[in-house]
1. For region 126-216, give me every one of the helices (runs of 4 or more DSSP H) that falls completely inside it and has 3 or more residues that are aromatic (Phe, Trp, Tyr).
2. Would you say GLY181 is on the phi > 0 side of the Ramachandran plot and touching a residue at least 12 places away in the same chain (Cβ under 8 Å)?
3. Take the residues in region 364-377 that are in contact with a helix residue (DSSP H, G or I) (Cβ under 8 Å, 6 or more places away or on another chain) and surrounded by fewer than 17 Cβ atoms within 10 Å (Cβ to Cβ), then tell me which one is modelled with the lowest pLDDT.
4. For residues that are closer than 30 Å to VAL490 by Cβ and in a helix (DSSP H, G or I), tally how many sit in region 75-125.
5. Of (1) touching an Asp or Glu at 6+ places or on another chain (Cβ under 6 Å); (2) under 30 Å from MET154 (Cβ atoms), LYS429 satisfies all except one. Which?
6. Keeping to region 151-163, report how many residues are under 28 Å from ILE226 (Cα atoms) and buried (at least 24 other Cβ atoms within 10 Å of the Cβ).
7. State yes or no: is VAL117 farther than 22 Å from ALA329 by Cα and touching a Cys at 6+ places or on another chain (Cβ under 9 Å)?
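The values are calculated or read from the model by the stated rules, or taken from the named source; none is laboratory data. Model, not experiment: these values are computed from the prediction. Glycine gets a Cβ as well: all are built from the backbone with ideal geometry, and neighbour counts include every protein chain shown.
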Amino acid sequence: MGGRALRGVRHCVILVSPRGDASRCHKVVIVRADCAIMATSPLTVDAIDRAPRSGPRLDHDLHPAGRWIFLAILLGGLAYAGFSIATDTAQVGETLAVGAFAFLGLALLIALGFEFVNGFHDTANAVATVIYTHSMPAPLAVVWSGFFNFVGVMTSSGAVAYSIITLLPVDLILNVGSAGGFAMIFALLLAAILWNLATWAVGLPNSSSHALIGSILGVGLANQLINGGADGTSGVDMAQVTKVLSALAFSPVVGFVGALLMLLVMKRFLRDRKLYEAPESDTPPPRGIRALLIGTCTAVSFAHGSNDGQKGMGLIMLILIGCAPTAYALNRTMPESATPAFVQSARAASSAYAAHADGTPSTVEAARARVTTALKSKQVAEPVVYGALATLSNDVTRRIEGYGSLGKVPAAATSNLRNDMYLVLDTTKLVAADKTAQARFTAQEITELKTYGGGLEQGTRYIPIWVKVTVALALGLGTMVGWKRIVVTVGERIGKSHLTYGMGASAELVAAATILMADRFGLPVSTTHILSSGVAGASVANGGGLQRRTLVNMGLAWIMTLPVAMLLSGGLYWMLLGVAHALGR
């Protein structure tokens with residue numbers, strides 16, 4: 001090769017001399033991006049080893065103690081979940097048969113498996129920047145990120161969890177303990193996991209949120225078609241679907257434009273050239289820059305946990321409600337002292353509904369049917385619906401007041417009361433947000449409806465602490481497994497130039513801010529889409545350009561996720577429902 005410099009060569013093959021001397025090569029050697037090696041003939045392996053490298057080391061061996069700690073935490077989390085379920089059901093006098101307990105365990109394992117896959121699939125985006133800027137070694141980075149994912153889950157509000165659930169068909173939510181309900185949960189979780197694993201296998205940073213939402217839509221449409229729906233669209237809440245998909249579609253644009261503008265602003269005011277140049281060899285960045293990059297990695301990891309962790313929580317709550325309704329359908333931890341305030345707000349809301357009603361249903365059953373129809377169709381701005389809500393609300397209030405608190409509701413009445421509270425809550429939310437209703441109701445009445453909805457939400461939409469802990473462990477532990485494929489894609493295959501300190505910081509700052517803002521409004525967004533788009537925007541701002549092949553593959557994955565996940569979940573739902581019916585369930 002005669003003294004010719006090899007620069008920027010990626011993944012070439014070592015061909016050892018046929019003379020059997022492995023220390024002397026006559027051809028090409030593996031070098032990392034941005035290496036500079038003077039290739040001569042013969043070329044010694046020692047010279048290769050001494051060559052400067054700017055790429056990170058991703059092949060660290062895990063210490064044996066680390067494997068045992070990982071396994072101990074994993075088994076400890078599962079044992080904690082089993083103990084908590086046994087304790088919760090025993091406290092309310094609900095005894096689960098061995099078969100029911102095993103079925104519940106299987107369902108929870110699948111739900112936690114989704115969060116585990118989510119951890120190593122999505123969180124790899126958060127650690128790519130600190131690894132490729134040499135701010136943290138790869139093993140420490142993934143453990144660090146996993147811990148702050150755990151913290152993010154534990155401090156989350158639960159708003160995102162139930163925004164995901166509202167995408168599901170109303171009849172399946174009300175009958176989550178039926179064969180159709182369990183077929184729905186298994187189908188959507190398995191479909192999301194399969195698509196996540198498929199994209200991970202080829203190193204594409206696909207969105208777990210996108211896959212889960214596509215799976216939910218597939219189940220909803222399949223349910224409607226199986227039950228003879230005319231158009232297949234009333235099986236899901238299309239208004240909520242539009243809201244969620246808008247957030248998923250808009251967030252990558254925010255990531256790209258935000259990171260691009262932030263890096264340009266940084267170049268204008270922060271003139272340190274080291275911020276915008278490729279790292280030198282394996283040298284860590286200056287202390288201040290390193291602290292900034294570790295801080296942004298921490299923020300993205302925390303934000304990812306606070307948003308993505310909630311998606312698994314909502315589905316786990318549906319599983320628990322279906323398998324052990326007495327223990328989990330109602331928030332039995334609410335104190336008895338909260339009942340009088342709830343009753344007062346309920347009566348005020350019922351009076352507001354009655355004042356604008358045009359006749360009321362003759363029975364509670366008729367009112368329940370009318371409210372269910374209104375909720376499915378999202379047509380709530382009708383006086384007859386207000387009358388039905390007044391009747392059903394009065395009945396719910398009478399029952400809760402009679403029991404004294406949610407904690408004293410008998411087992412036999414739990415499921416029915418929870419369903420009625422769910423119907424009134426979601427329909428009341430629609431009424432309070434409806435422009436026609438807002439024109440009819442006074443501002444005080446709208447406030448009373450919102451207060452009443454808050455009380456209903458507190459009684460039905462809650463997350464037990466052990467659910468948070470197990471989801472947090474699954475997401476955090478998942479971060480530490482299988483992260484390399486996605487890290488390499490984000491770090492090497494989006495931009496044409498090496499990731500700089502400024503590029504990493506701008507991409508992660510924008511990603512963390514966007515995710516936390518979405519969490520504030522209860523919107524599920526994709527960490528993957530935002531951060532990978534941010535890296536692309538920062539690469540453009542830095543003048544490095546983008547790798548067309550990677551962008552095309554990522555775009556195809558983004559476009560294909562929704563239809564593929566829908567087909568997978570719809571097909572699985574149809575198959576599982578057929579199996580359940582064949583078994584007489």
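1. Values: elements: 138-154, 159-165, 170-174, 179-201.
In region 126-216, 138-154, 179-201 are the helices (runs of 4 or more DSSP H) which contain 3 or more residues that are aromatic (Phe, Trp, Tyr).
2. no
3. So the residue we want is LYS376.
4. Result for region 75-125: 17.
5. Only one criterion is unmet by LYS429, namely (1).
6. Total satisfying the criteria: 1.
7. Numbers: farther than 22 Å from ALA329 by Cα: yes; touching a Cys at 6+ places or on another chain (Cβ under 9 Å): no.
Here the answer is no, as VAL117 does not meet what is asked.
For every residue, the table says whether it meets (1) in the same structural domain as VAL343 (by TED's automatic domain parsing); (2) within 30 Å of ALA198 (Cα to Cα); (3) surrounded by fewer than 17 Cβ atoms within 10 Å (Cβ to Cβ); (4) touching a Lys or Arg at 6+ places or on another chain (Cβ under 8 Å).
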{"position": "ALA433", "(1), (2), (3), (4)": "yes, no, yes, no"}
{"position": "PHE441", "(1), (2), (3), (4)": "yes, no, no, no"}
{"position": "LEU456", "(1), (2), (3), (4)": "yes, no, no, no"}
{"position": "VAL471", "(1), (2), (3), (4)": "no, yes, no, no"}
{"position": "LEU477", "(1), (2), (3), (4)": "no, yes, no, no"}
{"position": "VAL487", "(1), (2), (3), (4)": "no, yes, no, no"}
{"position": "GLY502", "(1), (2), (3), (4)": "no, no, no, yes"}
